[in-house]
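Novice: Here it is, the structure in full.
The values are calculated or read from the model by the stated rules, or taken from the named source; none is laboratory data. Since we're looking at a predicted model, the values are computed, not measured. All Cβ positions, glycine included, derive from the backbone under ideal geometry; neighbour counts span all protein chains shown.
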Amino acid sequence: MNYVVFDLEWNQPVDGKSFSDRKLPFEIIEIGAVKLDESREKIAEFSEVIRPQVYKELNIHIRKILNTSMAELMRGGTFYKIMERFRKWYGNEIIFCTWGTQDLTELQRNMAFYRMEPLSRSPILFLNVQKMFAVHMGEPDRVYNLESAVDEAGIEKDIPFHRAFSDAYYTAKILKLMNDDELKAGITYDLYHIPLNEASEISIYDNGQSYFVSRGYERRDSITGSRDIMAVKCEKCGGAILRKSVNWFSNNSKNYYSAAICREHGPIKSRLRIRHHDSGLYFAEKFTEYTTKEEVHELRERKRLLKEKSESPSSAPINEDKLIQEDA
Ligand SMILES: [Zn+2]
């Protein structure tokens with residue numbers, strides 16, 4: 001299996017008032033990639049600019065950071081042609097690796113815009129090198145930009161940043177430094193396509209943490225009414241459903257929180273997001289992990305404080321069977 005580390009540059013409408021195609025908020029104007037073998041040694045390179053077909057002027061912010069001009073882009077091939085070439089170049093039995101989580105989604109969105117055969121019709125597993133690097137640095141929640149990561153890692157900056165190829169090149173160098181645990185920490189699912197049915201729902205458990213992605217539902221309350229989705233489970237007890245010690249509540253973000261205590265394995269907390277997919281369906285993402293009594297206590301306090309302030313309806317605590325908040 002090879003690693004395909006890629007990076008995209010994209011363009012947007014020149015300003016907020018200009019024409020913007022809802023189906024293509026980001027038009028890809030460059031693809032750069034490095035292919036690595038199993039021991040993460042470089043075996044091939046890919047770099048192509050793409051001739052814009054939707055937004056024919058460079059957005060000012062993009063013009064500022066990107067080392068390119070419209071004249072250069074106009075010499076490129078169409079997205080369709082370059083994408084076909086890219087697919088042929090990377091071949092089969094690969095795993096995609098990117099800096100952050102956005103590239104694979106935008107790649108698929110651009111492919112759909114041009115009605116290309118999709119990469120997949122279900123979630124795609126890929127490696128988020130940005131996440132790995134944060135874990136590597138002992139700050140798993142920090143969001144590093146690529147250049148500061150390259151500095152921190154002491155990697156020589158021998159080509160300029162902010163071209164698709166150079167960003168893929170540096171991402172590949174960082175990937176090379178990661179140990180097996182860090183690699184694992186980068187495992188992510190791209191949810192441009194959500195699970196089609198119950199059988200293809202994502203449910204993984206590793207090292208005290210579990211991650212679940214539901215299939216899509218027409219109605220939001222099909223999710224909040226699902227005993228299974230809304231359960232806090234102890235995986236060490238074979239997925240036993242626990243009685244909650246803190247029932248679901250939201251702090252007015254997109255996240256809901258709850259906690260429970262397993263008599264044998266201790267406190268467990270869950271975070272749930274209900275997301276609205278491009279298709280119009282709702283789906284849930286749930287993260288569950290073992291935690292401390294202190295954190296459960298903190299969650300309970302946060303819920304109590306929110307309840308006190310509940311004259312603001314958006315921050316009102318919610319019942320498990322009556323989640324009413326919409327995604328912003
Ligand atoms: Zn247990």
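Novice: Can you pull out the residues in the stretch 234-250 that are within 30 Å of Lys309 (Cα to Cα) and either within 11 Å of the ligand (Cβ to nearest atom) or not in a strand (DSSP E or B) (or both)?
Specialist: Leu242, Arg243
Novice: Here's something else I'd like to know. State yes or no: is Asp158 part of a loop (DSSP other than H, G, I, E, B) and without any contact (Cβ under 8 Å) to a residue 40 or more places away in the chain?
Specialist: The answer is yes for Asp158.
Novice: How do the helices (runs of 4 or more DSSP H) wholly within the stretch 3-97 filter down when requiring 2 or more residues that are touching a Phe, Trp or Tyr at 6+ places or on another chain (Cβ under 7 Å): which remain?
Specialist: 79-90
Novice: To continue, here is another question. Regarding Val213, is this residue within 14 Å of the ligand (Cβ to nearest atom), at pLDDT 95 or above and under 26 Å from His193 (Cα atoms)?
Specialist: no
Novice: Any idea how many residues of the stretch 98-141 are assigned to a loop (DSSP other than H, G, I, E, B) and under 22 Å from Met1 (Cα atoms)?
Specialist: Matching residues across the stretch 98-141 total 9.
Novice: Could you list all residues from the stretch 251-262 that are touching a residue at least 24 places away in the same chain (Cβ under 8 Å) and either within 14 Å of the ligand (Cβ to nearest atom) or assigned to a strand (DSSP E or B) (or both)?
Specialist: Tyr256, Tyr257, Ser258, Ala259, Ala260, Ile261, Cys262
Novice: Filter the stretch 54-102 down to residues that are at pLDDT 85 or above, under 26 Å from Lys35 (Cα atoms) and not charged (D, E, K, R), then give me how many there are.
Specialist: 22
Novice: So, one more: In the stretch 220-233, which residues are within 16 Å of the ligand (Cβ to nearest atom) and among the β-branched types (Val, Ile, Thr)?
Specialist: Across the stretch 220-233, the qualifying residue is only Val232.
Novice: Something else now. Condition (residue is part of a loop (DSSP other than H, G, I, E, B), polar (S, T, N, Q) and either exposed (fewer than 14 other Cβ atoms within 10 Å of the Cβ) or within 12 Å of the ligand (Cβ to nearest atom) (or both)) applied to the stretch 263-279: is it met by at least one residue?
Specialist: Scanning the stretch 263-279 turns up at least one residue that is part of a loop (DSSP other than H, G, I, E, B), polar (S, T, N, Q) and either exposed (fewer than 14 other Cβ atoms within 10 Å of the Cβ) or within 12 Å of the ligand (Cβ to nearest atom) (or both).
Condition check ((1) within 27 Å of Asp21 (Cβ to Cβ); (2) surrounded by fewer than 16 Cβ atoms within 10 Å (Cβ to Cβ)) across all residues:
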residue	(1), (2)
Glu84	yes, yes
Asp103	yes, no
Glu117	yes, yes
Arg121	yes, yes
His136	no, no
Glu152	no, yes
Asp167	yes, no
